[in-house]
1. Tally up the residues in the stretch 113-144 that are under 20 Å from A168 (Cβ atoms) and either without any contact (Cβ under 8 Å) to a residue 24 or more places away in the chain or touching a Phe, Trp or Tyr at 6+ places or on another chain (Cβ under 8 Å) (or both), please.
2. Here is a check on your reading of the model: is R65 touching a residue at least 40 places away in the same chain (Cβ under 8 Å), surrounded by fewer than 19 Cβ atoms within 10 Å (Cβ to Cβ) and within 18 Å of the chain's Cα centre (by Cα)?
3. Among the numbered criteria (1) buried (at least 17 other Cβ atoms within 10 Å of the Cβ); (2) in contact with a strand residue (DSSP E or B) (Cβ under 6 Å, 6 or more places away or on another chain); (3) over 19 Å from A10 (Cβ atoms), which single criterion is violated by G57?
4. For the stretch 13-38, which residues satisfy the criterion of being farther than 13 Å from G83 by Cα and either in contact with a helix residue (DSSP H, G or I) (Cβ under 6 Å, 6 or more places away or on another chain) or part of a strand (DSSP E or B) (or both)?
5. Looking at L193, is it in contact with a helix residue (DSSP H, G or I) (Cβ under 6 Å, 6 or more places away or on another chain) and modelled with pLDDT under 95?
6. I need the full set of residues from the stretch 163-188 which are among the charged types (D, E, K, R), farther than 18 Å from V104 by Cα and touching a helix residue (DSSP H, G or I) at 6+ places or on another chain (Cβ under 9 Å), in order please.
7. Please list, ordered by first then second residue, the pairs with beta carbon atoms under 6 Å, 6 or more apart or interchain, first in the stretch 235-246 and acidic (D, E), second in a helix (DSSP H, G or I).
8. In the stretch 69-85, is there at least one residue being among the charged types (D, E, K, R) and modelled with pLDDT under 95?
Amino acid sequence: MTRFPPPRCAAGFIFALEIEADPFAARVRDATTLRGPVLSFHEGTIAGRRVTWVVSGAGIVAAGRAATALLEGHAPALLVSAGFAGGLDPALARGAVVLATGTVRGGAPRFPLARIAALLPAASTDVDIATVDSIVATTAAKRDLRAATGAAIVDMETHAVAAAAAAAKIPCASVRIVSDAAGDELPADIARLVTPQSAFRRAGAALAAIGRKPAAAGTLWRLWEHAVVDGRTLAATLERLVAALPEE
């Protein structure tokens, strides 16, 4: 069985996308980067505490690989699945901060998540996050997933991060911003913009989508504007979380 060293940083964060991670990274001081053949791991100080983070890429396989590598190489006291999520509960507004207390996935066990509401009392809590294999884009699909799982939000990574944390006997938390509410429809091309690829190719995918459907330009622009705002909200929330973590 893999033996993990004692914690050497307060928290480790798994982000799927650069747009989720970059505003957080901008708040970190004295950052260093260890570049590997697949992933780059970062360490630095925020709120006076040492933290580490990685951008895993979208999806459960990528997130699980990144979480395991971060745990083995950086030994955080707390692992955090951080980023955007789709809303399934109609009561959750776009832009809401949600701290899930459990993660579910079809055919897999439910993993409890660390209850950190006392550290971030303004966030929505006591809900589950469902992890799926592809973006849930339509209101009908969101409604069906909520009925099947009871989850309030959905992403493509948290269950894998929680599984890695459970194997290492490290607490895992989820901090998510609702990027699209339960009643929001996402364009079909949005899935192409979160696949593991270069920024240049993602830009090409966006331009291709606009070329096929010029009316999509406004929708994609609004999604980008929301993502910028949501990234800042996420970064501020994570900084508050780190500042509130108990001393080791």
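1. Summing the residues that are under 20 Å from A168 (Cβ atoms) and either without any contact (Cβ under 8 Å) to a residue 24 or more places away in the chain or touching a Phe, Trp or Tyr at 6+ places or on another chain (Cβ under 8 Å) (or both) in the stretch 113-144 gives 1.
2. No; evaluated as a whole, the condition is false for this residue.
3. With respect to (1) buried (at least 17 other Cβ atoms within 10 Å of the Cβ); (2) in contact with a strand residue (DSSP E or B) (Cβ under 6 Å, 6 or more places away or on another chain); (3) over 19 Å from A10 (Cβ atoms), G57 is out only on (2).
4. Matches in the stretch 13-38: R27, R29, D30, A31, T32, T33, L34, R35.
5. yes
6. Listed by number, the residues that qualify are D180, D184, E185.
7. E239/R27
8. Yes, there is a match, as at least one residue in the stretch 69-85 is among the charged types (D, E, K, R) and modelled with pLDDT under 95.
The values are calculated or read from the model by the stated rules, or taken from the named source; none is laboratory data. Remember, it's a predicted structure, so these values are computed and weren't measured experimentally. All Cβ positions, glycine included, derive from the backbone under ideal geometry; neighbour counts span all protein chains shown.
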